[in-house]
1. Report whether or not residue 57 is surrounded by 16 or more Cβ atoms within 10 Å (Cβ to Cβ) and over 10 Å from the mean Cα position of the chain (by Cα).
2. When the stretch 32-45 is examined, which residues are found to be out of contact with any strand residue (DSSP E or B) (no Cβ under 7 Å at 6 or more places or on another chain), exposed (fewer than 11 other Cβ atoms within 10 Å of the Cβ) and in contact (Cβ under 8 Å) with a residue 12 or more places away in the chain?
3. Sort out which residues of the stretch 1-15 are surrounded by 15 or more Cβ atoms within 10 Å (Cβ to Cβ) and in a loop (DSSP other than H, G, I, E, B), and write them in order of number.
4. Residues in the stretch 28-38: is at least one out of contact with any helix residue (DSSP H, G or I) (no Cβ under 6 Å at 6 or more places or on another chain), modelled with pLDDT of 90 or more and not in a helix (DSSP H, G or I)?
5. Within the stretch 56-73, work out how many residues are part of a helix (DSSP H, G or I), within 23 Å of residue 34 (Cβ to Cβ), in contact (Cβ under 8 Å) with a residue 24 or more places away in the chain and out of contact with any strand residue (DSSP E or B) (no Cβ under 9 Å at 6 or more places or on another chain).
6. Checking residue 28 against (1) out of contact with any strand residue (DSSP E or B) (no Cβ under 7 Å at 6 or more places or on another chain); (2) surrounded by 14 or more Cβ atoms within 10 Å (Cβ to Cβ), which single condition isn't satisfied?
7. Please go through (1) in contact (Cβ under 8 Å) with a residue 40 or more places away in the chain; (2) surrounded by 15 or more Cβ atoms within 10 Å (Cβ to Cβ); (3) in contact with a strand residue (DSSP E or B) (Cβ under 6 Å, 6 or more places away or on another chain) for residue 48 and return the number of the only condition it doesn't satisfy.
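The values are calculated or read from the model by the stated rules, or taken from the named source; none is laboratory data. The structure presented is a predicted model; accordingly, all values stated were derived computationally and were not measured. With ideal geometry, Cβ positions are generated from the backbone for all residues, glycine too; neighbour counts draw on all protein chains shown.
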């Protein structure tokens, strides 16, 4: 399975580093549950991560992306 993740679907309270945040978007815990569920039946062979546009210092925001991917099971 190949996962395509647009970061702007995540609730901005969990991940604010996007241009077009989705109010009441998916929570990180729910995203993690979905990836875990799919990973039980499918091998994850790759992923893309898009819609990352930080307004804060890029280094801090980039670390936040790495942390997010680790939390949801898509380790960089």
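1. Numbers: surrounded by 16 or more Cβ atoms within 10 Å (Cβ to Cβ): no; over 10 Å from the mean Cα position of the chain (by Cα): yes.
Answer is no for this residue.
2. 43
3. Correct list: 11, 12, 14, 15.
4. No, the stretch 28-38 contains no residue that is out of contact with any helix residue (DSSP H, G or I) (no Cβ under 6 Å at 6 or more places or on another chain), modelled with pLDDT of 90 or more and not in a helix (DSSP H, G or I).
5. Narrowing the stretch 56-73 to residues part of a helix (DSSP H, G or I): 58-71.
Cutting the leftovers down to within 23 Å of residue 34 (Cβ to Cβ) gives us 64-71.
Then drop every residue that is not in contact (Cβ under 8 Å) with a residue 24 or more places away in the chain, which leaves 64-65, 68, 71.
Then drop every residue that is not out of contact with any strand residue (DSSP E or B) (no Cβ under 9 Å at 6 or more places or on another chain), which leaves 64, 71.
Matching residues across the stretch 56-73 total 2.
6. (1)
7. Here residue 48 meets the rest and fails (2).
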